[in-house]
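Reading through the structure tokens given below for one structure.
The values are calculated or read from the model by the stated rules, or taken from the named source; none is laboratory data. None of these values were measured; they are calculated from a predicted model. Cβ atoms come from the backbone with ideal geometry, glycine included; neighbour counts cover every protein chain shown. These area figures cover heavy atoms from the full protein model, side chains too; ligands, DNA and RNA do not enter into them. Shrake-Rupley method; radii C 1.70, N 1.55, O 1.52, S 1.80 Å.
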Amino acid sequence: MSSLFEAIPFVENSLYERVISDISSQKYSIVDDFFSEDEVIALRHSLLLKYEEDTFKKSAIGNKTNELVKKAVRGDIILWIDENVINFAEQLFFNRINDLKDYLNRTCFLGINQKEFHYAIYPKDTYYKRHLDTFQNDDRRKLSFVCYLNSEDWQPENGGELVLYLDDEDKVIYPFPGKVVIFESQELEHEVKPVNTQRLSITGWLKTR
């Protein structure tokens, strides 16, 4: 794999460098321009179309070996995205994710070789209580990734803020459309505050083997 990277000319990406710098210094990065406005609109349309097809399911607590639905802990509904069966908008999404993954591996030697992503809808009055994105029997998740797909008129009073619990303060992030949050899965506890209006996103993880 290293020989393959060596054969590809390296071009510094200022956006990815900003993400790396942020995560190195504060364990998270917030990016407003990771995807274009048109890409965000296309992904929102894809999510809503699949929601209309009734393919989403209730979320669960734990991984596949310890999966339990707990309404008192989280209330979102999700649809896993299979990269082998994707539409045009999802292909654009994974092109960018794979580019980021390769860049991180080449510059930071993270050894990321797996990923998993799903659409997420938080209906009104739902939330996700404080938690870590790792499991007792599986610590492969290294970076958590959230891209918000809410409508352009989203307001703070709609709720659904992401709160990152840091050592010295709580970082409150409003889910405005197109905003991307990337953070260390094993380090930062976080939660989703109660939602007053349906909240849309893609959530996923970059993982080691």
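General remarks:
- Spatial extent of the chain: Rg and Dmax, with the Cα atoms as the point set, Å: 16.8, 52
- Value in Å of the Kirkwood radius, where region 72-122 supplies the Cα pairs that are averaged: 12.7
- Report summary: the helix-based calculation at 222 nm, which adds -39500 (n - 2.57) for every DSSP H run with n ≥ 4 and divides by the residues of the chain, gives -8500 deg cm²/dmol.
- A run of the chain free of exposed loop cleavage sites, with chymotrypsin sites (Phe, Trp or Tyr not before Pro) counted only in DSSP states other than H, G, I, E and B and at most 11 other beta carbons within 10 Å, reaches its longest extent at 110-209.
- Nearest-20 debye value, the chain charge dipole, Cβ charges on Lys, Arg, Asp, Glu: 800
- Each semi-axis of the equivalent ellipsoid for region 153-196 is √(5λ) with λ an eigenvalue of the Cα gyration tensor; in descending order they amount to 20, 12, 8 Å.
- Atom-type composition of the exposed protein surface of the chain places 49 percent of the accessible area on carbon and sulfur (1.4 angstrom probe).
- Residues whose amide H falls under 5 Å from that of residue 114, counting only those 5 or more places apart or on a different chain, are 207, with hydrogens built in the peptide plane.
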